[in-house]
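Colleague: Structure provided below as structure tokens; questions to follow.
The values are calculated or read from the model by the stated rules, or taken from the named source; none is laboratory data. Note that the structure is predicted; figures quoted are calculated from it, not measured. Virtual Cβ from ideal backbone geometry, glycine too; neighbours counted across all protein chains shown.
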Amino acid sequence: MPNDMLGNGPIEARFREQLRVLASLLDEWFNGRSRGYDRKFGFVLLAFPMGGAVRRCNYISNTANRREIITLLKEQIADLEAAGSA
């Protein structure tokens, strides 16, 4: 993988616990004790180092439905690209 790409893969071990704690806190903050599709809000957290030669994106979400996340990200990318060309 070229050094300028963020990459893909499981959460790096050194960030796993931090991201799980943050995800748990965010989920409780947005959804209280609701779980599964009883939740009112979904979220995606992307964490990556700024600058440097090696850039690796770590991802965590409160949904296991990756299709929903893929759709969300595609829509966000389209919106961001449209806003950038305006």
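This table checks each residue for (1) free of Cβ contacts under 8 Å to residues at least 40 places away in the same chain; (2) in a loop (DSSP other than H, G, I, E, B).
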site: R33; (1), (2): yes, yes
site: Y37; (1), (2): yes, no
site: F41; (1), (2): yes, yes
site: L46; (1), (2): yes, no
site: M50; (1), (2): yes, yes
site: R56; (1), (2): no, yes
site: I60; (1), (2): no, no
site: L72; (1), (2): yes, no
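Colleague: Now, a different point. Considering the range 1-41 alone, what residues qualify as being among the acidic types (D, E), surrounded by 12 or more Cβ atoms within 10 Å (Cβ to Cβ) and at pLDDT below 85?
Modeller: Answer for the range 1-41, where residues must be among the acidic types (D, E), surrounded by 12 or more Cβ atoms within 10 Å (Cβ to Cβ) and at pLDDT below 85: just E12.
Colleague: For R67, are the conditions met, namely being farther than 21 Å from R16 by Cα, part of a helix (DSSP H, G or I) and either of a type outside the set (S, T, N, Q) or modelled with pLDDT of 90 or more (or both)?
Modeller: Against the criterion (farther than 21 Å from R16 by Cα, part of a helix (DSSP H, G or I) and either of a type outside the set (S, T, N, Q) or modelled with pLDDT of 90 or more (or both)), R67 qualifies.
Colleague: Follow-up. State the number of residues belonging to the range 28-85 that are more than 18 Å from the chain's Cα centre (by Cα) and either of a type in the set (D, E, K, R) or under 20 Å from I11 (Cβ atoms) (or both). Give the steps one after another, and end with the answer.
Modeller: Step one: list which residues in the range 28-85 are more than 18 Å from the chain's Cα centre (by Cα), which gives 32-35, 37-38, 51-54, 81-85.
Next, from what is left, pick out any that are either of a type in the set (D, E, K, R) or under 20 Å from I11 (Cβ atoms) (or both): 33, 35, 38, 52, 54, 81.
The total comes to 6.
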